[in-house]
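I have placed the structure first, in the form of structure tokens, so that the comments after it can refer back to it.
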Amino acid sequence: MQVPKAERIFAACKMLFIMKSIYSKILILAFISSSLYSYAWGLTGHRVIAEIAENHLSGKARREIRKIMGKERLAYWANWPDFIKSDTTGVWKQASSWHYVNIDPMTDFKVFDQNLKMQAGPSLYTQVNTLSSQIKDEKTSEKDRKIALIFLIHIMGDLSQPLHVGRAEDLGGNKINVTYFGDKTNLHSVWDGKLVDSQKYSYTEYARLLDIKSKEEVKQIQAGTVEDWLYDSHKIANRIYAQTPNDSKLSYDYQYKFNDTLERQLLYGGLRLAKLLNDLF
């Protein structure tokens, strides 16, 4: 028995609608996945790192940065690359992968370094180098140089957030469900902002409290390369993963266990950002 033409058309339209709906959901999930991974440290953490960096700029770097950025402090711009996630034009969509680098658990620096350099596509690692080159290039326009510098300030903060040098399989801890003082959340969110915000400091207070190292200690912290600094964060990420399995119930004991690590990463992020900027200018 032949199906009437009108019914065939209706069935085809219905199937087309279903396929479009599925495709839309896939696109939404892909966007959410990239967006979730791209936020690090929250507002306070990024500003703490930028403020510490500002306190360790050389005179020349400070003058050159002011020419590019104006009178605002680094902390003023530190979160702009996250704010533009709200942009609906799609202009900044390509920048979502700049905030992190996915890498399997590594315990040997040489293997880590090889894997890092073999990865295709833009990432936190590639963009530190790309943005630095753009800033130094005399052909770069004033507008593009400013944007490159703002992004560099931000992603160098991302670099010190361990779960931004985490694993693709769980989106840097976004798929690891935990509770934090009874509230349902995920591991990435805990490290992005909840641990920092629980300290109840303003970013200037926190920066002042953390930035107490001697000149020799600062020099030691700033030693090494971007690859060394990424591996440093990666090793800490491995420890966080090992000690925070799925469905963990996190509270005061977790804060106590990782508070030194948290504050180390904020401080190291600021000092290493300063080193990069001083070398750049």
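The values are calculated or read from the model by the stated rules, or taken from the named source; none is laboratory data. Quick caveat, the model's predicted, so the values are computed rather than measured. Ideal geometry is used to build each Cβ from the backbone, glycine not excepted, and the neighbour counts take in all protein chains shown.
When the residues of the stretch 213-261 are filtered to those that are under 23 Å from the mean Cα position of the chain (by Cα) and of a type in the set (K, R), the one that is farthest from A274 (Cα to Cα) is K257. Pairing each residue of the stretch 180-202 that is among the small types (G, A, S) with any residue that is assigned to a helix (DSSP H, G or I), provided the two are 6+ apart or on different chains, yields C-beta distances under 6 Å for G193/G42.
Of the residues making up the stretch 244-259, those that are within 21 Å of L209 (Cα to Cα) and among the charged types (D, E, K, R) number 1.
Would you say K139 is over 21 Å from K93 (Cα atoms) and among the basic types (K, R)? Yes.
The residue that is farthest from the chain's Cα centre (by Cα), among those in the stretch 42-61 that are under 13 Å from L277 (Cβ atoms) and of a type in the set (G, A, S), is G59.
Can you say whether V196 is among the hydrophobic types (A, V, I, L, M, F, W, C), part of a strand (DSSP E or B) and touching a helix residue (DSSP H, G or I) at 6+ places or on another chain (Cβ under 7 Å), as far as the supplied structure shows? Write out each step before concluding.
On the way: among the hydrophobic types (A, V, I, L, M, F, W, C): yes; part of a strand (DSSP E or B): no; touching a helix residue (DSSP H, G or I) at 6+ places or on another chain (Cβ under 7 Å): yes.
The answer is no for V196.
The rows are residues; the columns are (1) in contact with a helix residue (DSSP H, G or I) (Cβ under 6 Å, 6 or more places away or on another chain); (2) free of Cβ contacts under 8 Å to residues at least 12 places away in the same chain; (3) farther than 24 Å from N102 by Cα; (4) not hydrophobic (A, V, I, L, M, F, W, C).
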residue: I236; (1), (2), (3), (4): yes, no, no, no
residue: Q243; (1), (2), (3), (4): no, no, no, yes
residue: N246; (1), (2), (3), (4): no, no, no, yes
residue: K249; (1), (2), (3), (4): no, no, yes, yes
residue: Y252; (1), (2), (3), (4): no, yes, yes, yes
residue: F258; (1), (2), (3), (4): no, no, no, no
residue: E263; (1), (2), (3), (4): yes, no, no, yes
residue: Y268; (1), (2), (3), (4): yes, no, no, yes
residue: K275; (1), (2), (3), (4): yes, no, yes, yes
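When the test is whether a residue is closer than 27 Å to R239 by Cα, surrounded by 20 or more Cβ atoms within 10 Å (Cβ to Cβ) and touching an Asp or Glu at 6+ places or on another chain (Cβ under 9 Å), L124 passes it.
Of the numbered criteria (1) touching a residue at least 24 places away in the same chain (Cβ under 8 Å); (2) surrounded by fewer than 16 Cβ atoms within 10 Å (Cβ to Cβ); (3) of a type in the set (V, I, T); (4) part of a helix (DSSP H, G or I), the one V111 fails is (1).
Among the numbered criteria (1) surrounded by fewer than 12 Cβ atoms within 10 Å (Cβ to Cβ); (2) over 22 Å from L266 (Cα atoms); (3) touching a helix residue (DSSP H, G or I) at 6+ places or on another chain (Cβ under 8 Å); (4) not acidic (D, E), which single criterion is violated by W92? W92 satisfies every listed condition except (1).
Tell me which residues, restricted to the stretch 109-137, are of a type in the set (D, E, K, R) and at pLDDT 95 or above.
Initial filter on the stretch 109-137 (of a type in the set (D, E, K, R)): 110, 113, 117, 136-137.
Across the stretch 109-137, the qualifying residues are K110, D113, K136, D137.
Taking helices (runs of 4 or more DSSP H) as the structural unit, those lying wholly within the stretch 209-281 and holding at least 1 residues that are among the aromatic types (F, W, Y) correspond to 226-243, 252-280.
Considering only residues that are among the charged types (D, E, K, R) and without any contact (Cβ under 8 Å) to a residue 12 or more places away in the chain, which ones fall in the stretch 67-92? Steps first, please.
Taking the stretch 67-92 and keeping what is among the charged types (D, E, K, R), we get 67, 71-73, 82, 85, 87.
K67, K71, E72, D87, listed by residue number.
Checking the stretch 181-189 against the condition returns no match, with no residue being crowded, with 24+ Cβ neighbours inside 10 Å and not in a helix (DSSP H, G or I). So for the stretch 146-159 (the condition being in contact (Cβ under 8 Å) with a residue 40 or more places away in the chain, in a loop (DSSP other than H, G, I, E, B) and in contact with a helix residue (DSSP H, G or I) (Cβ under 7 Å, 6 or more places away or on another chain)), does at least one residue qualify? Taking every residue of the stretch 146-159 in turn, none turns out to be in contact (Cβ under 8 Å) with a residue 40 or more places away in the chain, in a loop (DSSP other than H, G, I, E, B) and in contact with a helix residue (DSSP H, G or I) (Cβ under 7 Å, 6 or more places away or on another chain).
Going by the conditions given, is D183 over 19 Å from H56 (Cα atoms), over 17 Å from the mean Cα position of the chain (by Cα), modelled with pLDDT of 95 or more and charged (D, E, K, R)? Against the criterion (over 19 Å from H56 (Cα atoms), over 17 Å from the mean Cα position of the chain (by Cα), modelled with pLDDT of 95 or more and charged (D, E, K, R)), D183 qualifies.
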